[in-house]
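A short write-up of the structure that comes next.
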Amino acid sequence: MRSDALDTSLCYSFCTSKGLDLSGIVGGKECRCGASRLNRAIWMGKEARPGLLLPSEAMSECRTHSGTDCPIRIYRFRGPFLSFGVPPARLQLSARDINYVDSIVTGHIDPDVEGRPDLEPKTSSATAPSLLTSEEAEGACPYCPSFVRHCDGLGSCWMGRNWRDRRPAATGEWAEEVVVPYFFDSDVDQTRKEAFRAATRVYQTVTCIRFVEVESNHTAAALLRVGILVGVYSSSSCWSHLGAHAETRFNLGSCMNMNHVGEILHNLGHTLGMLDEQQRPDATGNYHGHGPYLRVFWQNVPYPWRPVLTPREAAYTGSAYDGEGDAFWGYAPYDFDSIMHLPPNLHGSPIYETIPASKIGAVGQRSQLSHADVLQLLDSYRCRQASTTTTTTTQTTVASSTTTTPRAVQGCTQNRDCAVNPWCNDPNYQEWCPQQHSVCPAPYCVNDDGR
């Protein structure tokens with residue numbers, strides 16, 4: 001980190017946000033970060049490679065013979081260390097940060113590419129739910145974009161197969177909850193378990209999805225019929241199968257501790273059915289009036305990574321209006337802030353640039369689910385907010401706590417997607433588009449009086 005306005009506080013905050021407990025300023029303009037032996041989360045439970053630790057003898061106050069300032073003053077995070085590292089609340093990491101630090105620790109530039117599975121459903125398409133409505137499947141709407149698909153809660157508006165164990169929610173803001181069981185293989189250590197559990201709590205806080213840990217044996221899995229088997233299947237990578245299947249596997253290999261919660265969040269998105277954001281059909285080309293948002297440098301993309309930069313028609317781009325209680329419909333804008341977005345560099349080379357260029361700093365974050373990530377999950381899993389009943393001496397009223405926050409502009413502005421041909425003229429799509437001077441059906445209208 002370089003800046004003309006560096007001070008010890010800024011440098012210290014920057015380093016701790018990357019999980020590093022040592023910080024120092026060189027020449028008044030360059031902030032350098034490092035890790036002490038106490039920061040075991042950085043060293044992945046192993047001995048540090050030669051030259052990466054400070055000398056073991058006690059360090060003294062810096063005094064130069066000439067009386068000039070020390071070339072570098074080192075400051076240390078004094079703790080407490082949680083889960084053997086800097087407290088997670090202080091972390092602000094991107095995929096690029098995680099890969100950079102891990103590459104220094106391991107001596108390898110990038111995680112094992114070959115260890116990453118193709119993000120395809122484990123079973124054949126014959127057992128997966130249809131991605132189209134029955135009318136579209138029959139060819140009645142061949143030009144319809146993916147964001148007019150209805151979300152049935154089973155995976156109809158994206159590529160993955162949804163988890164399907166729905167049950168009434170006993171408490172909380174949701175009418176129903178979707179239960180996703182998981183169990184740890186015998187080779188998973190407690191530090192990895194803690195990180196995985198922390199990531200599941202993030203999803204549970206903002207969606208109707210509930211991860212439930214069960215006894216780690218195949219008998220429990222058989223009783224539940226379907227669940228996530230969490231283990232270490234490749235120590236040099238971190239991945240998950242796409243969507244819900246019997247024994248969906250989640251590899252915690254290189255996701256070793258709380259510093260990797262962001263990567264676990266990303267891969268749990270795949271487990272729930274989400275594709276990478278850059279796999280959307282509008283990412284690298286014009287898709288029904290939207291995009292492109294990326295320009296890919298294919299010459300820098302290794303062959304095993306090309307599928308995750310290839311547009312997929314089945315990727316989520318929004319959905320049709322699904323009736324009362326559906327607060328999310330229309331085209332979902334491309335999300336540079338998505339936790340599902342691939343970072344812009346691989347093996348030290350740029351693999352794409354953003355359109356506009358100013359968005360390059362946003363892509364690849366691994367700190368939190370973006371607002372659009374949450375909306376996508378709420379939409380696909382049909383999370384509906386619970387109703388509350390209020391009783392008085394004169395009447396009983398039922399008030400829904402659902403708030404309407406559609407992605408497409410609601411109210412008195414015509415949806416611009418309706419101007420795109422030829423699919424807007426398709427009879428099966430006209431219910432969502434204004435035709436000539438006719439009344440616009442909800443949720444779209446043309447002017448202030450809705451006509």
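Taking Ser234, is it under 24 Å from Ser94 (Cβ atoms) and hydroxyl-bearing (Ser, Thr, Tyr)? Yes; evaluated as a whole, the condition is true for this residue.
If only residues of the range 18-60 that are among the β-branched types (Val, Ile, Thr) and not in a loop (DSSP other than H, G, I, E, B) are counted, the one that is surrounded by the most Cβ atoms within 10 Å (Cβ to Cβ) is Ile25.
Quick check on Asp326: is it at pLDDT 95 or above and crowded, with 20+ Cβ neighbours inside 10 Å? So Asp326 fails the test. Restricting to the range 140-175, give me the number of residues that are surrounded by fewer than 20 Cβ atoms within 10 Å (Cβ to Cβ), of a type outside the set (A, V, I, L, M, F, W, C) and closer than 30 Å to Pro88 by Cβ. Of the residues in that region, 4 qualify. Considering Pro304, Pro333, Pro343, the condition of being surrounded by fewer than 22 Cβ atoms within 10 Å (Cβ to Cβ), touching an Asp or Glu at 6+ places or on another chain (Cβ under 8 Å), within 23 Å of Leu242 (Cα to Cα) and not charged (D, E, K, R) is satisfied by Pro304 alone. For the residues Thr271, Thr284, the requirement of being β-branched (Val, Ile, Thr), over 15 Å from Met340 (Cβ atoms) and in the same structural domain as Asn251 (by TED's automatic domain parsing) singles out Thr284. The criterion of being assigned to a strand (DSSP E or B), in the same structural domain as Ser235 (by TED's automatic domain parsing) and surrounded by 19 or more Cβ atoms within 10 Å (Cβ to Cβ) holds for Phe211. Is it the case that Gly139 is more than 30 Å from Ala362 (Cβ to Cβ) and modelled with pLDDT of 75 or more? The answer is no for Gly139.
Looking only at the range 274-300, count how many residues are crowded, with 18+ Cβ neighbours inside 10 Å, part of a loop (DSSP other than H, G, I, E, B) and not polar (S, T, N, Q).
Total satisfying the criteria: 10.
The C-beta contact set for the range 98-109 (first residue free of Cβ contacts under 8 Å to residues at least 40 places away in the same chain, second residue among the β-branched types (Val, Ile, Thr) and surrounded by fewer than 16 Cβ atoms within 10 Å (Cβ to Cβ), distance under 6 angstrom, 6+ apart or interchain) comprises Ser103/Ile109.
The values are calculated or read from the model by the stated rules, or taken from the named source; none is laboratory data. Because the structure is predicted, anything quoted here is derived from the model rather than measured. With ideal geometry, Cβ positions are generated from the backbone for all residues, glycine too; neighbour counts draw on all protein chains shown.
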